[in-house]
1. Could you tell me which residue of the stretch 237-249 is nearest to G316 (Cα to Cα), considering only residues that are at pLDDT 90 or above and among the hydrophobic types (A, V, I, L, M, F, W, C)?
2. Within the stretch 58-65, does at least one residue satisfy the condition of being of a type in the set (A, V, I, L, M), within 26 Å of H192 (Cα to Cα), open to solvent by 60 Å² or more (accessible area, probe 1.4 Å) and out of contact with any strand residue (DSSP E or B) (no Cβ under 6 Å at 6 or more places or on another chain)?
3. Please specify each residue of the stretch 157-181 satisfying the condition of being at pLDDT 75 or above and part of a loop (DSSP other than H, G, I, E, B).
4. Among the residues of the stretch 464-471, is there at least one that is among the polar types (S, T, N, Q), open to solvent by less than 20 Å² (accessible area, probe 1.4 Å) and touching a residue at least 24 places away in the same chain (Cβ under 8 Å)?
5. Please go through (1) farther than 22 Å from R739 by Cβ; (2) at pLDDT below 80; (3) open to solvent by 10 Å² or more (accessible area, probe 1.4 Å) for C388 and return the number of the only condition it doesn't satisfy.
6. Can you tell me which residue within the stretch 16-40, out of those that are of a type in the set (A, V, I, L, M) and at pLDDT below 85, is farthest from S399 (Cα to Cα)?
7. Cβ-Cβ below 7 Å, separation at least six or inter-chain, first residue in the stretch 640-654 and more than 18 Å from S678 (Cβ to Cβ) and hydroxyl-bearing (S, T, Y), second at pLDDT below 90 and open to solvent by 70 Å² or more (accessible area, probe 1.4 Å): which pairs?
8. Could you list, in sequence order, all residues of the stretch 650-674 that are outside any loop (DSSP other than H, G, I, E, B), out of contact with any strand residue (DSSP E or B) (no Cβ under 8 Å at 6 or more places or on another chain) and at pLDDT 85 or above?
Amino acid sequence: MSTEENSAEIRLSILGMRCAGCVSAVEGALGAVDGVTSVSVNFADHSAVVKGHADPDALTLAAKEAGYDAAVMEGLEDPSEQEEQELQHYRKLMKKATVAGIFGAILMLAEHLGWLPKIGSAAGQWLWPEIALVTLSIMVYSGWDFYSGAIKSLTLGQANMDTLIALGTGSAWIYSCIVIDYSDTLPALAKHAYFEAAVVILAFINLGTGLETMARGKTSSAIRQLIGLQPRTARVVRNGEEIDIPIEQVGLGETLRVRPGEKVAVDGVLLEGHSTLDESMLTGEPMPVEKSAGSQVVAGTMNQTGSFMFKATRIGRDTALAQIIKSVRQAQSSKPEIARLADKISSYFVPAVVAISVLTFLVWYAFGPDPSLGYAFITSMTVLVIACPCALGLATPISVMVAVGRAAQSGILIRKGDALQTAGKLTCLILDKTGTVTEGKPAVTTIEAIDDYTGELVLQLAASIESGSEHPLAAAILTAAEQSQIKLEKVRRFEAIAGFGVTAQINEQNVTFGNAALMDAKGIGITSHKDRLEELSTLGQTPMLLAVDGKMAGIIAVSDPIKKDSAQAVLSLKNQGLRIIMVTGDNQITAHAIAKQAGIAEVRAQVLPQDKAEVVKELQQQGEIVGMVGDGINDAPALAQANVGLAIGTGTDIAIESADVVILLGSLLKVPEVIELSKATVINIKQNLIGAFFYNTISIPVAAGLLYPLFGVLLNPMIAGAAMAMSSLTVVTNANRLRWKKFG
């Protein structure tokens, strides 16, 4: 295992991030703490995932020294508390926007209607300083977070969105104060105050941030729904009494009672009782699942009809629900390659904008019309305000968050963000056979009686003799007998012959049950049945022969049937343009029979477990982008080697841990959905990035006054503030379209 695999993981809530520049600042601060091996900051939900062996207190201190508040997030938080915090933050922003907006609107209206005295007049000498003070107090109230953030960034030698807003609105106020104090020395056309611009810009930015907060909150709905699945209390049986206790106090091995309409508190094994459970939120499967003694039950699922008792096998952070939430969060916080590119661009963006603003000021001051100082100030301030890279910072993480949440609601667990970008590029998909294309559980598919025997008698004798066997195929025969309610006969002188079959006495008759080699060894003639045996083998079935007192009595064939939706899934994958290959350790005849039923043309049979990863490598060397779908321990190396590993969730833990994507329900039909969602997500991210880049590419030159020489048009700083705020809201709204993505 690598150091990172052994490392602990700490999740932090980060307050104070307002743009993509903040992401690199937080990552840099946390990454510098001793013991940290990797840091991933998610601007979309304002969180950070830190891996390593760092002290949590040291991490929060490092974040605070960088100018951000931080707190360690533990356990399954109460979603209602998170929603309440978001609502309070939204109300706070709306209040700030309202105060600044009302004052700015009054000031604009008063200036437009001529209610305010001219700057430099006798009346203006006492009124305008008063307006300046009121404006300053409103700027402190509505924009203090931006100004304090800008100061902290400056002390750390960094620049971010706060820097641009503080420079833009602060320079507007300072310039206006200079105009008031030195009105006698300024040209008449330059005698204009921009107090209303400063507060209206803050109003728009707070309004946009508030709307963005509410829209962004919807992206975490999948996580909140998952957290909300876990009940707060559990009914345990202690000292013969049933008592309700907080879920945190449930111990391993305890016996719990679940009544109709209640949620399962922790993972466990059903001890007694019978019921149906709604597992739709975890698996995406709407049909209730029947549970009886020995069945696994999972935390968060809803009990519907009966009451039952179960033993706790996993509690707290070890439950399947907790692990799913952890994986969803990891995927939402992870960065696909396209996101890392956007982050790199954003880190250089703010300093570049400040440089453009300074250049704009100098050009207008040197070559602009009178009053050149006024024009220089307006254009440089507008550049600062309109260029905030909020939309650029949100473009990728917000889409990833929504897509991962949407997948979780459909029973698809995306464990790594890169899988979202890569799955849509797959050219080849390898399917394991057992448990992936097939059910993974052998079942009796054919019962044929010979001469005077009946099918029921053949099954009764076969099940009776196999009742003492541990062979995997014996379970299938016993299950078939149980389903047909056949009573088993008493068996005497049982003998198992390894690799051949079994013999015994039943009702004073000598019964032999096994393969053709056993019949030959016992001198039992099967020549007339060889064509039928070959036919069954060609169909992918394993035929076993039953003989009574040295004569053939019947044939029972067992096979691992394909899943009911495998053929449909393969067809859907082919329609998406993928090359489908089935790779299995089974023999050629059975492998090709199953592949034919599923509609798979390419088959690689008798592949040893350790060689499956080599098949993936071989295809990758041919230029294929390979996806691997499997469910067993022997699939783990191939899942890890593939460009995208998809584990069937009904399989083993090690296969699931090796995969990038886990299909909780175990249906192959979910694989085309993963690919479809990947393509939709990449398109959505590109739309966001192109929109953000286009916005900044067009808006900055316009703000700098590029249209003025041609059309006499200058962009008002207040409109720039509104446009900047709305650009972020547009990105969030576009990303939220993925929540309603329909598959198929």
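The values are calculated or read from the model by the stated rules, or taken from the named source; none is laboratory data. All of these numbers come straight from a predicted model, not from anything done at the bench. FYI the Cβ positions are ideal-geometry reconstructions off the backbone, even for glycines, and counts take in every protein chain you see. Calculation scope for accessible area: heavy atoms of the full protein, side chains included, ligands and nucleic acids excluded. Shrake-Rupley method; radii C 1.70, N 1.55, O 1.52, S 1.80 Å.
1. I245
2. In the first step, residues of the stretch 58-65 are kept if they are of a type in the set (A, V, I, L, M); the result is 58-59, 61-63.
Cutting the leftovers down to within 26 Å of H192 (Cα to Cα) gives us none.
So far as the stretch 58-65 goes, no, none of its residues is of a type in the set (A, V, I, L, M), within 26 Å of H192 (Cα to Cα), open to solvent by 60 Å² or more (accessible area, probe 1.4 Å) and out of contact with any strand residue (DSSP E or B) (no Cβ under 6 Å at 6 or more places or on another chain).
3. G157
4. yes
5. Among (1) farther than 22 Å from R739 by Cβ; (2) at pLDDT below 80; (3) open to solvent by 10 Å² or more (accessible area, probe 1.4 Å), the lone unmet condition for C388 is (3).
6. A25
7. Note: pairs meeting the criteria are T652/I633.
8. Scanning the stretch 650-674 gives a single hit, P672.
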